[in-house]
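The values are calculated or read from the model by the stated rules, or taken from the named source; none is laboratory data. What you see is a predicted model, and the numbers here were worked out from it, not measured in a lab. Positions of Cβ are generated from backbone atoms using ideal geometry, with glycine treated the same way; all protein chains shown enter the neighbour counts. SASA here: full protein model, heavy atoms, side chains in, ligands and nucleic acids out. Shrake-Rupley method; radii C 1.70, N 1.55, O 1.52, S 1.80 Å.
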Amino acid sequence: MEIALLRYLSFTNLSVVAEFPISLTHLLAITALIIAIICFTFRSNSVYLVNFSCYLPPDSLRVPTANFIEHCEASNVFDQECIDFQVKILERSGIGFESCMPIAVHEIPPNSSLYKAQEEAEMVLSAIVKDLLSKHNINPKSIDILVSNCSLFCPTPSLTSMIINKFGFRSNVKSVSLSGMGCSAGMLSISLVKDLLKVHKNSVALVLSMEAITPNGYKGKVKSMLMANILFRMGGAAILLSNRKQDKHKAKYKLQNLVRTHLGSDDQAYQSVFQQPDESGKVGVSLSRELLHVAAKALRTNISELGPLVLPYSEQLKYGWSVIKQKIWFSAGQKGTYVPNFKKAFEHFCIHAGGKAVIDAIEDNLRLHKEDAEASRMTLYRFGNTSSSSLWYELSYLEAKGRVKKGDRVWQIAFGSGFKCNSAVWKCISDLDPDLRNSWSDRIHLYPVEIPNVSDH
């Protein structure tokens, strides 16, 4: 359009101006048109994170190890070998006694009916939506975009429809329900909203992330499927996003980068987290032995795209030089490829609380210090693996501790079935008050805690 305009002006100068001079009105109109084109080309596509809220289950739903063992034995679902295996995994999982299970799982035997699953979803989502909207006194009818993600529970009507019905959203709200996307679905929802906000200007979006525990308990004997019974706990998060300029002054963060990686074309990665029936027909989610290897590969691929966007040139040069040296002067005694110092790009790290082994592996691969993964470990300890919402519990922890300052950058790293690794980088643009209530406020003074390191017998 700009080239055509210049050609038009050149033609006008050569053949018309001599006979018909451009009036001041025409000149102003052309100038205004050029300014409008420039503004359209370079207009801001900023995405602001206004606020978020995480679900805090009641203490009555906690599952200490002793209760877990007693419940398994009383339910008569598992034989003693399966109970012993699950207890062994639980003791080494990094999950503490405060993590919670939904009401239906506390029943004897556990009730995995559709009704109970819907009850769990409504209890979690209704609580976090109500809490988030009340923080800023937001009318539900002002929400323009609604996106939910829940990997293993996809009812009809959808979860977004349930929220629309309960809170009275507008009839023209743009709603999407994502399923089957695994623990990284929260970042996928943010990515989807980011793209939608490019098209729909002056809009407010609400993202809901959760996983339903009630319908997905595994009752068979395959050990790779029993592990999911131990790791996953109830939870959820609601995130309010906006591209409106008037929301910038009250927003907490601004989205800087979002990078998605999908290794689904690789069979090993594709099958590393897989929902399937066992030989007896009982359905569960299998976690393969290659999961950590796949996660490390996905992270490397993700970093190769994210690194040039966030790392200082000095770190990029060190990394590039180490790669060149390895290819040209490789020797058996030489150290591996240089690992960039990501602490020069980020002040805070939120690693998906998928399990103790996952957090340990990422901390080691990125050469992070123990305190860099503190938010992830404490989230795993108190809330367990809440799937796609775990990253928001971690950010809540950092806020409650008063560690996030204006100008700080936060790196959220999510992993999920497929296999996927998704990264989001947020920059804090406000002075945050650590005394504001969130999911950690009631017990933040008790953390961090020393997590026992139980070794194999």
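With every protein chain kept in place and ligands, DNA and RNA left out, what is the accessible area per residue of the chain? Probe 1.4 Å, answer in Å².
49 Å²
Not counting ligands, DNA or RNA, and with a 1.4 Å probe, what is E73's accessible surface area in Å² rounded to the nearest 10?
In the full protein context, E73 sits at about 100 Å².
Let me know the Kirkwood hydrodynamic radius for the stretch 323-457, please, with Cα pairs as the basis and the value in Å to one decimal.
About 16.5 Å for the stretch 323-457.
Say the dipole of the chain comes from +1 at the beta carbon of Lys and Arg and -1 at that of Asp and Glu; which of S376, M187, I103 then lies farthest toward its positive end?
So the residue we want is M187.
Determine the calculated [θ] at 222 nm for the chain from helices alone, applying -39500 (n - 2.57) to every DSSP H run no shorter than 4 residues and normalising by the residue count; nearest 500 deg cm²/dmol.
Computed mean residue ellipticity for the chain: -12500 deg cm²/dmol.
Which whole-angstrom value gives the distance between the alpha carbon centres of the stretch 103-166 and the stretch 360-399?
Here the two parts' Cα centres lie 25 Å apart.
If you plug each phi of the stretch 161-170 into the Karplus form 6.51 cos²θ - 1.76 cosθ + 1.60 with θ = phi - 60°, what whole-Hz ³J(HN,Hα) values come out, in order, with x for Gly and Pro?
5, 4, 5, 4, 5, 6, 9, x, 5, 5
Please list, short to long, the whole-number percent of alpha-carbon pairs of the stretch 164-241 in consecutive 10 angstrom bins beginning at zero.
14, 39, 27, 14, 5, 0
Please compute the modelled spin-label separation between A74 and I324, points set 7 Å along Cα→Cβ, answer in nm with one decimal.
With each label point 7 Å from Cα toward Cβ, the separation is 6.8 nm.
Compute the distance in nm between two label points, each set 7 Å from the Cα along the Cα-to-Cβ direction, one at N341 and one at K223.
4.2 nm
Please compare each pair in K245/K420; K297/K401; K201/K401; K130/K356; K245/K427 to a cut-off of 25 Å on the Cα-Cα distance and tell me which ones are over it.
K245/K420; K297/K401; K201/K401; K130/K356
Please list, by residue number, every one of the GluC sites (Glu not before Pro) in the stretch 371-457 that is coil in DSSP and has at most 10 other beta-carbon atoms within 10 Å.
Those that pass, being in a loop and sparsely packed, are E450.
Going by the alpha-carbon gyration tensor, a ≥ b ≥ c the square roots of its eigenvalues, is the stretch 251-407 rounded (a/c under 1.5) or, if a/c is not under 1.5, prolate (a/b greater than b/c) versus oblate?
Taking the square roots of the gyration eigenvalues as a ≥ b ≥ c, the stretch 251-407 is oblate.
Go through the stretch 432-443 residue by residue and turn each phi into a ³J(HN,Hα) via Karplus (6.51, -1.76, 1.60, θ = phi - 60°); whole Hz please, and just put x for glycine and proline.
8, 9, x, 8, 5, 5, 8, 5, 9, 4, 5, 9
Here are some pairs, K343/K406; K252/K370; K88/K370; K252/K405; K135/K252; which of them have Cα atoms lying more than 19 Å apart in this structure?
Table pairs above 19 Å Cα-Cα are K252/K370; K88/K370.
Express in nm, to one decimal, how much length is gained between D360 and R403 on full extension, taking 0.36 nm for each residue of separation and deducting their alpha carbon distance.
Full extension from D360 to R403 adds 13.3 nm.
According to the square roots a ≥ b ≥ c of the eigenvalues of the Cα gyration tensor, what is the shape class of the stretch 231-333, taking rounded for a/c under 1.5, prolate for a/b larger than b/c otherwise, and oblate for the remainder?
oblate
To the nearest 10 square angstrom, how much accessible area does F52 have with a 1.4 angstrom probe?
Rounded to the nearest 10, that gives 10 Å².
Take the Cα gyration tensor of the stretch 93-249, multiply each eigenvalue by 5, square-root it, and list the three semi-axes largest first, rounded to whole angstrom.
31, 16, 14
For the stretch 83-136, what is the Kirkwood estimate of the hydrodynamic radius, computed as the reciprocal of the mean inverse distance between distinct Cα atoms, to one decimal in Å?
For the stretch 83-136, the Kirkwood estimate is 13.7 Å.
Considering the Cα positions of the stretch 369-447, please state its Rg to one decimal place and its Dmax as a whole number of Å.
Using the Cα atoms of the stretch 369-447, the pair Rg, Dmax is 12.9, 39 Å.
Could you give the dipole magnitude of the stretch 220-297 about its Cα centre, charging the beta-carbon of Lys and Arg +1 and that of Asp and Glu -1, in debye to the nearest 20?
That gives the stretch 220-297 a dipole magnitude of about 740 debye.
Distance in nm between label sites at K245 and A66, each 7 Å beyond Cα in the beta-carbon direction?
Reported label-point gap for K245 and A66 is 6.2 nm.
Using only the alpha-carbon atoms, what does the chain span along each of its principal axes? Please give whole angstrom values in decreasing order.
Projected onto the principal axes, the Cα atoms of the chain cover 100, 66, 46 Å.
Report the extension gain between F274 and I34 in nm, rounded to one decimal, defined as 0.36 nm multiplied by the number of residues separating them, less their alpha carbon distance.
80.9 nm
Rounded to a whole number, what % of the accessible area of the stretch 282-326 do carbon and sulfur atoms account for, probe 1.4 Å?
62 percent
Using the Karplus curve 6.51 cos²θ - 1.76 cosθ + 1.60 with θ = phi - 60°, work out ³J(HN,Hα) for each residue of the stretch 352-358 in order, rounded to whole Hz, and write x for Gly and Pro.
My calculation for the stretch 352-358 gives 3, 7, x, x, 4, 5, 5 Hz in order.
So how many Å³ per residue does the convex hull of the Cα atoms of the stretch 242-281 work out to?
160 Å³
Between N202 and N257, how high is the FRET efficiency from 1/(1 + (r/R0)^6) when r is the Cβ-Cβ distance and R₀ = 22 Å? Nearest 0.05.
After rounding, the FRET efficiency stands at 0.40.
Give the angle, between 0 and 90 degrees and rounded to the nearest 10, that separates the Cα long axis of helix 2-15 from the longest principal axis of the Cα atoms of the chain.
Value to nearest ten degrees: 0.
Once a ≥ b ≥ c are taken as the square roots of the eigenvalues of the Cα gyration tensor of the stretch 318-399, is the result rounded (a/c under 1.5), prolate (a/b larger than b/c) or oblate (a/b not larger than b/c)?
In terms of gyration-tensor shape, prolate.
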